[in-house]
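*Asks:* Sharing a structure below in structure tokens format, with a few things to ask.
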Number of protein chains: 2
Amino acid sequence: MATVLDVARRAGVSSATVSRVLSGHGNVGAETRERVLQAVRDLDFQPNRFAQGLRRGRGNTVALLVGDIEQSVYSALTKHLQVALGEIGLDLMLYNLDHSAERLRTILEAAPAMGLRGVALASTDVIPMATVGPLLRALQQRAITVIAIGQRLHRAGIPSIVHEERAAGRRAVAYLVEQGRAPVAYVGRIAGSAVGSERYRGYCAALAAAGLALRPELVSDVSYRFAAGYEGTSRVLAAAPDVRGVQAGSDELALGAMAAIRDHGLRVPEDVAVVGFGNIDWGAHVRPALTTLSVHPATVAHAVAALLRDGAGGPLLQVIARTLVLRGSA
Amino acid sequence: MATVLDVARRAGVSSATVSRVLSGHGNVGAETRERVLQAVRDLDFQPNRFAQGLRRGRGNTVALLVGDIEQSVYSALTKHLQVALGEIGLDLMLYNLDHSAERLRTILEAAPAMGLRGVALASTDVIPMATVGPLLRALQQRAITVIAIGQRLHRAGIPSIVHEERAAGRRAVAYLVEQGRAPVAYVGRIAGSAVGSERYRGYCAALAAAGLALRPELVSDVSYRFAAGYEGTSRVLAAAPDVRGVQAGSDELALGAMAAIRDHGLRVPEDVAVVGFGNIDWGAHVRPALTTLSVHPATVAHAVAALLRDGAGGPLLQVIARTLVLRGSA
DNA sequence: CTGAAAGCGCTTACAG
DNA sequence: CTGAAAGCGCTTACAG
């Protein structure tokens, strides 16, 4: 592997000059610069990342911490972030939290020594800021850009990029009510999810605006995935046979809900309409196709990249609007 | 951030001794070791990754290159590999290939300078070995462990971990035939997929064994995702109205196929049975639930970790068996 | 068993 | 505009 010294020798200059040409810092004569670049090409020189990192005090890697890479929100985000970071020369290190606060802490504790450029925390789980807050602040103090995705941590001084949750939930439930789908159940408040409770508040707001009562038996607290949607909906159907609409806390939950409704001998949407959350890729391909609220991973990815590129001083809170995507299920 | 020198001073030893204690190489007196470990704890010392990497010539990072992180096979693999690598102290860098050979080449060209410990190439696309082969060999020559996942590159000297494809495809199609589902269509040979054509050969073998003719109008070449399954199946249904079974090249394609069958006014499985490939997470939750062939990401992940841990000398080819997972669709 | 010293490959004040 | 030199924080032969 060629070193900066090899390049310097071949170009007849010092290693300092090579470094200046490559970094763009400091002035170098046009002809000298050309000679250096030619030598770089000849030797196929690529700077050693460790040496660079050691000297500069940090590297080109951003850690992305996701709740669960198998969930579509996170894999879509990962994909787009990978592209957006690639465009500004940054690499992506992936950490799967598996919704574990313990794992989050472990990772954040190891982060300072890793020379990261930034940490993007994409988790909708409630974060125990008492223990995690100091860790995040420690990262910021070493000039590591910390960004929250999907959760509002801007009050703790962490730039946050989120989708609208409450307003979106309210809009979707209002739509169900307008379509004559009351009583509407809410499946998937998701205990422990910061986002889940926001969506649920949207549900409550929509009911209140329509003058409908909040019936506890119509609300199901479940966890994230399919089976939870199935079980939660089954329970609601048993407790409230008059339910005509279901707002699910996620598309996965919505799919489970649809299965439960059908296994209950009812039809979607004729008997019970279903709305999901998150516009998952297969949502358009199940039958009936899923009506849901959009998500915008590319927009998030670009916002993250911009924050990393420009350093501190960016907006502390960016809220991305969602659209109600109408398909067959509601 | 504490350095090894800080630790040395606090423990009253030299930095060499600290390094020896931490690495486990070289003998250190029991009492000295204790003093060093205490100092490490006191100062919360974590070795600087760049300095370590520069000195050792490589780091603790493994690059995982996946075809498309949004496909369930890859996200499940990523999740399990993350855990398996974590257990042996390695980090995971993720690169999304987006099924682009061009991108693969770009990434592999940048890899040597990154001080990677290993490169795990999880792609089922046909790899242009004329250009990519030399890049992989260059990595191996710098003692970077290269591992192929999902595709057999063992003849090129690259340890490969794969699932059985042909035998599994044959078994599934034979099952459809046994159940009286002939003629069986094959949707998703997937031009450009090394794995897709293996699965298709299993289909051919099953037909031959059953004495059935290979009817070209029953075979659809499509790309990976849902929409392709929908279109491919629509075409097959139009060209061969007598079709009674569909073997899909993936679960995504199977879901598209089920939608197409239903939009055609037919029922799954009564009129047309469908078998997928890959046991995707939502497969059990659609209705009818998807019959499919299993996949074993945890097994793959452990095999990869073992190869990284033990370095060269491991098995060149590991084949993981698949099970036919019977559910409602066939 | 332990330490002094060199060196991995960069970058950046400093000097000219 | 350019170069000589120091130094980032480790690890490892080498010497004792």
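The values are calculated or read from the model by the stated rules, or taken from the named source; none is laboratory data. All values derive from a computational prediction rather than experimental measurement. Heads up, the Cβs are rebuilt from the backbone with ideal geometry, glycines too, and the neighbour counts pull from every protein chain shown. Just so you know, the surface numbers come from the protein's heavy atoms only, side chains and all, with ligands and any DNA or RNA stripped out. Shrake-Rupley method; radii C 1.70, N 1.55, O 1.52, S 1.80 Å.
*Asks:* Under the definition of Cα pairs under 8 Å and six or more residues apart, what whole-number percent is the relative contact order of chain A?
*Replies:* Over chain A, the number comes to 15 percent.
*Asks:* While we're looking at this one, here's another question. Mind running the shape call on the stretch A:166-293? Use the C-alpha gyration tensor, a ≥ b ≥ c as the square roots of the eigenvalues: rounded below 1.5 for a/c, prolate if a/b tops b/c, oblate otherwise.
*Replies:* Values: a/c = 1.26, a/b = 1.13, b/c = 1.12.
Rounded is the answer for the stretch A:166-293, as its axis ratio a/c remains below 1.5.
*Asks:* Ok, one more. What residues does the stretch A:263-300 have that are buried by at least 40 Å² of accessible area in the full protein assembly compared to the chain on its own, 1.4 angstrom probe?
*Replies:* A:D281, A:W282, A:H285, A:R287
*Asks:* Please calculate how many Å² of accessible area the stretch A:190-330 carries per residue, with a 1.4 Å probe and no DNA, RNA or ligand atoms counted.
*Replies:* Heavy-atom accessible area per residue stands at 37 Å².
*Asks:* Which distances, shortest first and in nm, link A:G180 to the matching position in the other copies, using label points set 7 Å out along Cα to C-beta?
*Replies:* With the label placed 7 Å along Cα→Cβ, A:G180 yields 4.3 nm.
*Asks:* At A:S14, label 7 Å along Cα→Cβ: distances to the other copies, nm, ascending?
*Replies:* Here the equivalent label points are 3.2 nm apart from this one.
*Asks:* Right, something else. Between helix A:101-110 and chain A, what is the angle of the helix's C-alpha long axis to the longest principal axis, kept within 0 to 90° and rounded to the nearest 10?
*Replies:* 10
*Asks:* Alpha carbon centre of the stretch B:110-138 versus the stretch B:145-184: separation in Å?
*Replies:* 23
*Asks:* Need one value for B:91-100: mean number of C-beta atoms belonging to other chains within 10 Å of its residues' C-beta atoms.
*Replies:* For peptide B:91-100, the averaged partner shielding equals 5.
*Asks:* Accessible area per residue for the stretch A:4-47 in Å², computed with a 1.4 Å probe and the full protein assembly in place, what is it? Could you put the intermediate results ahead of the total?
*Replies:* On the way: 2710 Å² over 44 residues.
With the other protein chains kept in place, the stretch A:4-47 gives 62 Å² per residue.
*Asks:* Per residue of chain A, what 222 nm ellipticity follows from adding -39500 (n - 2.57) for every DSSP H run with n ≥ 4, rounded to the nearest 500? Intermediate results must be reported in sequence, preceding the final value.
*Replies:* Numbers: 12 runs with 148 residues, N = 330.
Mean residue ellipticity at 222 nm (helix-derived): -14000 deg cm²/dmol.
*Asks:* A further question on this structure: Can you give the relative contact order of the stretch B:4-47 as a percent, counting alpha carbon pairs under 8 Å and 6+ residues apart?
*Replies:* 44
*Asks:* Just how far, in whole angstrom, is the stretch B:1-56 from the stretch B:199-250 if you go by their alpha carbon centroids?
*Replies:* The stretch B:199-250 and the stretch B:1-56 have Cα centres spaced 62 Å from each other.
*Asks:* Return the value, in Å² to the nearest 100, of accessible area buried between chains B and A (probe 1.4 Å, both sides summed). Walk me through the intermediate numbers first.
*Replies:* Values: alone 15510 and 15470 Å², together 26570 Å².
That pair of chains buries around 4400 Å² in total.
*Asks:* Per the 1.4 Å probe, what fraction of the accessible area of the protein assembly as shown, in percent, lies on carbon and sulfur atoms?
*Replies:* That fraction is 53 percent.
*Asks:* Using a 7 Å offset from Cα along the direction of the beta-carbon, what are the separations from B:E217 to the same position in each other copy, nm, ascending?
*Replies:* Label-point separations across copies, in nm and ascending: 5.6.
*Asks:* To the nearest 10 degrees, how steep is helix B:251-263 against the longest Cα principal axis of chain B, on a 0 to 90 scale?
*Replies:* 30
*Asks:* In the stretch A:61-89, which residues become less accessible by 30 Å² or more once every protein chain is in place, relative to the chain on its own, using a 1.4 Å probe?
*Replies:* A:I69, A:E70, A:S75, A:K79, A:Q82
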